[in-house]
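Have a look at the structure below before the remarks.
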Amino acid sequence: MNWPAIRAIYGFEMHRAFRTLLQSIVAPVISTSLYFVVFGAAIGGRITSVDGVPYGAFIVPGLIMLTLLTQSIANASFGIYFPRFSGTIYEILSAPISAFEIVAGYVGAAATKSIMLGLIILATSALFVPLRIEHPVVMVLFLVLTAVTFSLFGFVIGLWADGFEKLQLVPLLIVTPLTFLGGSFYSIDMLPPVWRGLSLVNPVVYLISGFRWSFYGHSDVNPAVSLGMALVFLVACLAAVAWIFRTGYRLKS
């Protein structure tokens with residue numbers, strides 16, 4: 001294992017985040033706080049509680065998951081796309097470093113930044129609403145698993161994209177809508193049976209439901225099923241990354 005190479009890639013990506021602190025850390029926290037204030041004030045006045053949890057506290061796991069998904073994808077996709085754009089990807093691929101070490105450096109940094117954001121938003125939310133975490137180990141597990149999985153997904157997007165516009169295509173047109181429709185701001189049990197059944201096709205439902213269960217012990221889906229689905233996503237992303245390095249797809253183009 002070439003630890004110095006992993007640390008070099010990881011350190012460069014982390015340094016880039018801290019160099020652009022306003023864009024990387026402050027902006028996502030402010031935008032998520034605005035979601036919290038607007039939805040909490042607008043809907044919280046009509047829905048006082050969900051499953052015995054005050055509405056303001058109920059939406060916190062969904063907001064954290066929304067940030068985690070979008071930032072994991074954004075961080076990882078830009079991290080690997082920029083070397084392709086600038087041409088430095090050839091130096092990385094010709095260096096004595098394996099595909100696993102390249103992925104570990106970029107994905108590890110992207111997941112770390114997303115987890116940091118999630119924890120900052122969690123701490124910020126605690127200033128507005130009373131929070132409780134009934135299953136902290138499960139909460140950390142979902143946090144890390146989701147960050148790593150969607151950082152891998154972002155890595156794939158960064159290799160697939162042939163322009164900066166495509167980097168935003170999947171997060172804006174697919175991931176964000178799925179997150180909003182995945183129970184971030186409501187329980188899918190509140191929906192009519194037909195719409196609830198359709199919601200279960202949305203993979204993000206399982207992530208949000210399992211993460212919310214770790215806070216309040218209530219979920220729309222069995223937590224074991226949510227964890228299983230998260231692991232399926234992880235394996236699928238790992239398989240996609242392995243295929244890309246095996247075939248060389250888009251690595252040098």
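Below are the figures for this structure:
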item: Residue match in the range 58-71 (condition: touching a strand residue (DSSP E or B) at 6+ places or on another chain (Cβ under 7 Å) and outside any loop (DSSP other than H, G, I, E, B)); result: yes
item: Number of positions in the range 112-138 that are touching a residue at least 60 places away in the same chain (Cβ under 8 Å) and surrounded by 21 or more Cβ atoms within 10 Å (Cβ to Cβ); result: 4
item: Scan of the range 113-140 for residues that are under 14 Å from the mean Cα position of the chain (by Cα), modelled with pLDDT of 90 or more and among the β-branched types (Val, Ile, Thr), ordered by number; result: Ile115, Val140
item: Qualifying position, being more than 27 Å from Phe211 (Cα to Cα), modelled with pLDDT of 80 or more, open to solvent by less than 30 Å² (accessible area, probe 1.4 Å) and in contact with a Pro (Cβ under 8 Å, 6 or more places away or on another chain), among Ile9, Ile89; result: Ile89
item: Any pair with Cβ under 8 angstrom, 6 or more apart, that starts in the range 191-220 at a residue that is over 28 Å from Ala126 (Cα atoms) and of a type outside the set (Phe, Trp, Tyr) and ends at one that is part of a helix (DSSP H, G or I) and open to solvent by 60 Å² or more (accessible area, probe 1.4 Å); result: Arg196/Asp189
item: Residue in the range 213-253 that is modelled with the highest pLDDT, counting only those that are surrounded by fewer than 14 Cβ atoms within 10 Å (Cβ to Cβ) and among the charged types (D, E, K, R); result: Arg246
item: Long-range neighbours under 6 Å by Cβ, at least six apart or interchain, first residue within 27 Å of Leu143 (Cβ to Cβ) within the range 228-253, second open to solvent by less than 80 Å² (accessible area, probe 1.4 Å) and of a type in the set (Ser, Thr, Tyr); result: Met229/Tyr206; Phe233/Thr149; Leu234/Thr149; Cys237/Thr149
item: Selected residue (criterion: nearest to Gly118 (Cα to Cα)) from residues of the range 15-34 that are buried (at least 17 other Cβ atoms within 10 Å of the Cβ) and among the aliphatic types (A, V, I, L, M); result: Ile25
item: Residues being free of Cβ contacts under 8 Å to residues at least 60 places away in the same chain and buried (at least 24 other Cβ atoms within 10 Å of the Cβ) - total across the range 50-77; result: 1
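The values are calculated or read from the model by the stated rules, or taken from the named source; none is laboratory data. Source: prediction; values computed, not measured. Quick reminder, even Gly has a Cβ in these numbers, built from the backbone with ideal geometry, and neighbours come from all protein chains shown. Surface accessibility is based on the protein's heavy atoms, side chains included, excluding ligands, DNA and RNA. Shrake-Rupley method; radii C 1.70, N 1.55, O 1.52, S 1.80 Å.
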